[in-house]
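The values are calculated or read from the model by the stated rules, or taken from the named source; none is laboratory data. Everything numeric here is computed off the predicted structure, so don't read it as measured data. All Cβ positions, even for glycine, are placed from backbone atoms using ideal geometry, and neighbour counts span all protein chains on display. Each accessible area value is taken on the protein alone, full model and side chains, heavy atoms only, with ligands, DNA and RNA left out. Shrake-Rupley method; radii C 1.70, N 1.55, O 1.52, S 1.80 Å.
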Amino acid sequence: ANSSANSTDDCSGSEPSARVVEVTMRDAFPREDLPTFNLATNLVGIFSATGILVANQCVPRWSNTYGRTPFLMMNFGLGAIVYVGMFFVATTARSYWGYCMMMFLQGFFAGSMTLATTYFTDIYDSEEDRTKWSSTMMGVFLVLGAGGALLADPFKTIGLFHACWLGVACELIALVITLFKIPESHMPVAEAKLLSGYMVLLGRFFCFCRF
């Protein structure tokens with residue numbers, strides 16, 4: 001009786017790990033498409049970090065011209081599309097290098113951290129408040145990043161890349177919140193030029209009426 005119970009426990013205990021192995025083998029990229037294992041693992045993170053680096057250099061400057069919230073919404077909307085592309089590149093095309101490019105784009109559209117910090121500099125005059133809220137945002141970013149890794153753990157028995165749909169949902173929720181709850185904090189340069197153009201025309205109109 002004891003031996004049969006032990007064998008049953010062994011079987012039930014090995015079933016999840018067998019399922020994980022099955023899903024991992026199914027979702028693995030073709031070996032001929034990969035560089036060495038260590039390089040392949042690190043390149044995924046490098047592509048994502050490069051996208052964030054490029055975004056941090058470009059997006060805040062563009063937002064000075066066109067406004068903060070349009071680029072926040074662009075990041076979230078296109079970020080959702082990238083997650084969809086990431087899923088199909090990984091599961092249908094099964095292309096490792098295509099997945100790396102998607103990681104670059106995901107990093108680029110996830111580069112809203114600097115943009116959010118810039119938003120805080122717009123709405124707070126005090127350096128103390130800016131520092132406090134920027135630090136709070138960074139803490140939330142780190143905590144939720146770790147929480148996301150924990151939430152993704154069950155996908156090991158469903159499908160490694162099905163977690164992309166969780167990313168899509170989060171991006172769309174952030175997009176809706178930005179659209180309805182986040183006011184524009186910065187007068188876009190383009191809009192300011194347009195407004196100044198209207199003022200010039202209005203001034204000329206008054207001059208014309210005067211004479």
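Tabulated values for the structure
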| quantity | calculated |
| --- | --- |
| Dipole-positive endmost among V140, Y96, S126 within region 56-141 (Cβ charges, Cα centre) | Y96 |
| ³J(HN,Hα) computed for each position of region 68-82 - Karplus, 6.51 cos²θ - 1.76 cosθ + 1.60, integer Hz, glycine/proline x | 7, 5, x, 7, 4, 5, 5, 4, 6, x, 6, x, 5, 5, 4 |
| Interchain or long-range residues, amide H under 5 Å from G67's placed H | V189 |
| Peptides 130-140, 88-98, 163-173, 73-83 ordered by average Cβ neighbours within 10 Å, highest first | 73-83, 163-173, 88-98, 130-140 |
| Accessible area per residue in Å² at 1.4 Å probe, computed on region 104-146 | 59 |
